[in-house]
Amino acid sequence: MILNSSFIADEKSALLFVVELEEEKVHVSWKIGEEIISLERIPVNYPGTTLAVWKNKKNYLKAIESVSWINEENIIVKDDQFDFGNALNDNDKWGRFAQKYKPVKNHLNNSAPYDECMYETYGDEYKYIESISVNPNTSNKIWTICEEDGITFIQAGWHFVNRLGYVISEVPFTDKDEQFTI
């Protein structure tokens, strides 16, 4: 079997794409025919990179169900399809964050990205986020959308480095280190 390297390097073509930024772990899988191929990179392991092939999705799901760092990313399986991080449902990577924290629509811009919820990093939208950040009752509802090395993620809190925008959630975060790849 020959794989096109541009295909396997593309996050959008992946069946599952999970990145754990703190320890630089990456797990990517693709469905090719009935088989599932996964590539996993964990720098602290030897060997640091593993390529595996499963006969079908059922065997693959059984293999990853006990991998805690993958399951901490809130992957949900319904009807033998991934609810999040799925090439068949690609626009729902934002969904796992939205489901848990209930982002609020941007009342200053009804055509904002991310389901009309993102606030810009300048102007009136930024001033609004800044006003929320100083209030102890609402500062734990600010999230920052960032991009680093081609990976877009949302992280708890008001940050400045690599920021694309901000989101306000109805549900406050309790872990200031929480983040979701989106």
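The values are calculated or read from the model by the stated rules, or taken from the named source; none is laboratory data. Model, not experiment: these values are computed from the prediction. Cβ atoms come from the backbone with ideal geometry, glycine included; neighbour counts cover every protein chain shown.
Among the residues of the range 115-129, is there at least one that is within 24 Å of I42 (Cα to Cα) and either modelled with pLDDT of 80 or more or exposed (fewer than 14 other Cβ atoms within 10 Å of the Cβ) (or both)?
From the range 115-129, those within 24 Å of I42 (Cα to Cα) are none; that's our starting set.
No, there is no match, as no residue in the range 115-129 is within 24 Å of I42 (Cα to Cα) and either modelled with pLDDT of 80 or more or exposed (fewer than 14 other Cβ atoms within 10 Å of the Cβ) (or both).
For the range 134-167, what are the residues that are hydroxyl-bearing (S, T, Y) and out of contact with any helix residue (DSSP H, G or I) (no Cβ under 7 Å at 6 or more places or on another chain)?
T144, T152
Given (1) at pLDDT 85 or above; (2) touching a strand residue (DSSP E or B) at 6+ places or on another chain (Cβ under 6 Å); (3) surrounded by 12 or more Cβ atoms within 10 Å (Cβ to Cβ), where does G85 come up short, assuming only one miss?
Condition not satisfied by G85: (1).
Across the range 1-55, which residue is modelled with the highest pLDDT among those that are surrounded by fewer than 16 Cβ atoms within 10 Å (Cβ to Cβ) and small (G, A, S)?
A52
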